[in-house]
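Since the structure comes first, as structure tokens, the remarks are kept for the end.
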């Protein structure tokens with residue numbers, strides 16, 4: 001479980017998409033949310049869009065690996081799909097915030113890699129948020145406040161990468177993913193392989 | 001402290017030398033040893049060659065970060081140089097065996113990355129040992145026994161890389177080194193940087 005978190009506007013979505021495209025082995029964990037789709041977002045790909053009662057039922061039935069409320073909307077990760085995938089050796093990419101990361105880490109510590117992206121400066125972050133042009137000033141101010149609050153949780157992550165240049169940042173995130181796959185504890189078959197070497 | 005261990009003949013020395021050349025930031029930790037120099041080995045570069053009483057005095061005076069006896073010869077890492085370097089932000093590469101790794105890890109846990117290289121097969125390993133042509137059959141048999149014993153400690157390492165192809169293996173080891181440098185706990189300046197972002 002490879003977690004990518006960052007304040008909104010720090011390039012996380014771009015990095016995540018490119019990782020999915022170029023890595024070929026990692027799959028996106030699709031979150032369930034009660035918020036309205038933004039223009040261009042596809043149900044079942046970007047998010048699974050559900051209403052509040054459905055979300056609440058999933059939480060009550062213990063179907064969520066983690067969930068959080070952000071600006072009155074709920075976001076969560078459905079458990080069944082991830083657990084089955086992990087068992088079959090599938091890697092998953094999570095685009096979740098610090099609350100979700102904390103919950104996931106507490107539940108599945110050994111199998112989680114937590115990466116936090118930071119903007120090069122607060123001006124760069126605000127610039128990127130404004131360039132989206134999809135939200136009002138009030139929404140942007142709220143999002144800046146939330147960005148600062150998200151940044152304050154940087155120390156709950158294993159790796160920190162500053163996104164000064166999108167290509168470099170992507171390269172660094174990919175390096176982390178590739179290195180973490182070489183961890184002894186994540187490699188299957190080593191017990192038999194080393195036994196063969198010592199025969 | 002980046003530790004590279006492997007059974008003798010698995011390509012560790014080649015990988016270590018290339019890492020020193022191409023990385024440019026990591027320095028070799030030069031071990032002290034009581035064994036005789038092999039042809040081409042340079043005192044103070046490959047090893048610091050000392051006699052047994054000198055080695056024993058260094059151990060007695062607590063000057064060793066780790067030390068071990070292999071085939072009647074002693075090998076150790078002098079403490080002062082490493083400690084001063086680490087404090088100044090210097091990364092060190094250690095070419096040591098499982099005993100040294102265990103001692104180093106117990107003493108400096110958070111700052112150690114342990115990488116173990118495995119040969120693709122036991123025949124490949126024996127082939128490489130024979131190709132050196134510097135040792136008798138008895139020495140090679142002893143070294144094969146020691147290789148098996150070294151391999152048995154693969155599970156005391158953070159990362160395991162099979163050296164099937166020297167270029168690929170080098171790339172993997174370099175990936176691990178680069179990723180580990182991005183660990184939050186190893187990056188200096190993040191406290192101030194994030195404070196600046198939240199101002």
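Read-outs: derived from the displayed coordinates by stated rules, not from any lab. Computed from a predicted model, the values in this text were never measured in an experiment. Methodologically, a virtual Cβ is constructed for each residue, glycine included, from the backbone with ideal geometry; neighbour enumeration extends over all protein chains shown.
The table that follows gives values for the structure above.
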read-out	value
Proxy reagent accessibility, fewest Cβ within 10 Å first, across B:12, A:45	A:45, B:12
Cα gyration tensor shape of chain A, rounded if a/c is under 1.5, else prolate or oblate by comparing a/b with b/c	oblate
Candidates B:139, B:30, B:162: whichever shows maximal mean-square fluctuation once chain B is modelled as a Gaussian network with Cα springs under 10 Å	B:139
Ascending count of other beta-carbon atoms within 10 Å, so fewest first, for B:143, B:130, B:18	B:130, B:18, B:143
Cβ-based exposure ranking for B:115, B:32, A:42, in which fewest neighbours within 10 Å come first	A:42, B:32, B:115
Part-to-part distance (alpha-carbon centres) for the range A:9-74 and the range A:161-199, which is given in Å	26
Chain A, closest residue to the rotation axis toward B, by beta-carbon, whole angstrom	A:179, 2
Teacher prompt: residue B:107 distances to equivalent labels in other copies, 7 Å Cα→Cβ, nm	4.3
Relative contact order computed over chain B (Cα-Cα under 8 Å; 6+ residues apart), in percent	29
Fraction of antiparallel bridges per DSSP, the protein assembly as shown only, in percent to nearest 5	35
Antiparallel bridge percentage (DSSP; both residues within the range B:2-184; nearest 5)	30
Label 7 Å beyond Cα on the Cβ vector: residue A:36 copy-to-copy distances, nm	8.5
Residue-averaged beta-carbon neighbours from other chains (10 angstrom radius) around A:185-196	3
Rounded if a/c under 1.5, otherwise prolate or oblate - the range A:8-102, Cα gyration tensor axes	oblate
Ellipticity estimate at 222 nm from DSSP helix runs (n ≥ 4, -39,500 (n - 2.57)) divided over chain A, nearest 500	-14000 deg cm²/dmol
Gaussian network model of chain B, Cα within-10 Å springs - most flexible of B:123, B:46, B:91	B:123
Highest-MSF residue in chain A out of A:55, A:71, A:170 [GNM, Cα springs under 10 Å]	A:71
Pseudo-label separations to other copies for residue B:83 - Cα-to-Cβ vector, 7 Å, nm	5.0
